[in-house]
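Peer 1: Pasting in a structure now, in structure tokens, and then I'll have a few things to ask.
Nothing in this text is a laboratory measurement; each read-out follows from the coordinates by a stated rule. Note that this is a predicted model, so its numbers are computed, not measured. Cβ sites come from the backbone with ideal geometry, for glycine too, and all protein chains shown count toward neighbours.
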Amino acid sequence: MPRPFRFGLVSGYAPSRRVWVDIARQAEEIGYSTLLMPDRTSVGILAPIPALAVAAAATTSLRVGSYVFCNGYRHPVLLAREAASLDLLSEGRFELGLGSGVSSHEFEQMGIPFATAGARVGHLTETLQVMKQLFTEETVAPNWRMIRY
């Protein structure tokens, strides 16, 4: 069954906790369904995992999510743990968005090699397979062809 059309807000800038909480509450009050956060390394942009947890705690119906987590920045097992924790703490209001990463500058900032687009998509495919196993199966047997940490 298709979901109804929804409006979401993308934000990640706030000079204080108070301002961030106000953004989340105002988004909920005016009818946005989802508050999404980018996964960027720029100074001044909030880190998405703690900020999404705060936004979820400050609201009652607003969904929170990543726009999008770059799978190249995190090991898939840790990312799955963070996603599951956010989903639990938000009482099922977390939406996970994943991407392969497009900013060579951000990869370089973290000392991570910026692979070809094909290799990054292969890494994303493997991440999705591992995360699906983690969420649906009792044991996980990843191949680890693409993921190197």
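Peer 1: Among the residues of segment 61-71, write down those that are surrounded by fewer than 22 Cβ atoms within 10 Å (Cβ to Cβ) and closer than 24 Å to Phe114 by Cβ.
Peer 2: Once the filter is applied, which keeps residues that are surrounded by fewer than 22 Cβ atoms within 10 Å (Cβ to Cβ) and closer than 24 Å to Phe114 by Cβ, segment 61-71 yields Tyr67, Val68.
Peer 1: Taking the conditions exactly as written (touching a residue at least 60 places away in the same chain (Cβ under 8 Å) and either under 27 Å from Leu134 (Cβ atoms) or not in a loop (DSSP other than H, G, I, E, B) (or both)), does Glu91 satisfy them or not?
Peer 2: On the way: touching a residue at least 60 places away in the same chain (Cβ under 8 Å): no; either under 27 Å from Leu134 (Cβ atoms) or not in a loop (DSSP other than H, G, I, E, B) (or both): yes.
No; evaluated as a whole, the condition is false for this residue.
Peer 1: Among the residues of segment 71-88, is there at least one that is in contact with a helix residue (DSSP H, G or I) (Cβ under 9 Å, 6 or more places away or on another chain), acidic (Asp, Glu) and part of a loop (DSSP other than H, G, I, E, B)?
Peer 2: No - not one qualifying residue is present in segment 71-88.
Peer 1: If only one of Leu52, Leu78, Leu46, Leu86 is within 14 Å of the chain's Cα centre (by Cα), over 22 Å from Val21 (Cβ atoms) and either surrounded by fewer than 20 Cβ atoms within 10 Å (Cβ to Cβ) or touching a residue at least 12 places away in the same chain (Cβ under 8 Å) (or both), which one is it?
Peer 2: Numbers: Leu52 fails: over 22 Å from Val21 (Cβ atoms); Leu46 fails: over 22 Å from Val21 (Cβ atoms); Leu86 fails: over 22 Å from Val21 (Cβ atoms).
Answer to the check: Leu78.
Peer 1: Of all residues in segment 7-43, which are assigned to a strand (DSSP E or B), out of contact with any Pro (no Cβ under 7 Å at 6 or more places or on another chain) and surrounded by 15 or more Cβ atoms within 10 Å (Cβ to Cβ)?
Peer 2: Listed by number, the residues that qualify are Gly8, Leu9, Thr34, Leu35, Leu36.
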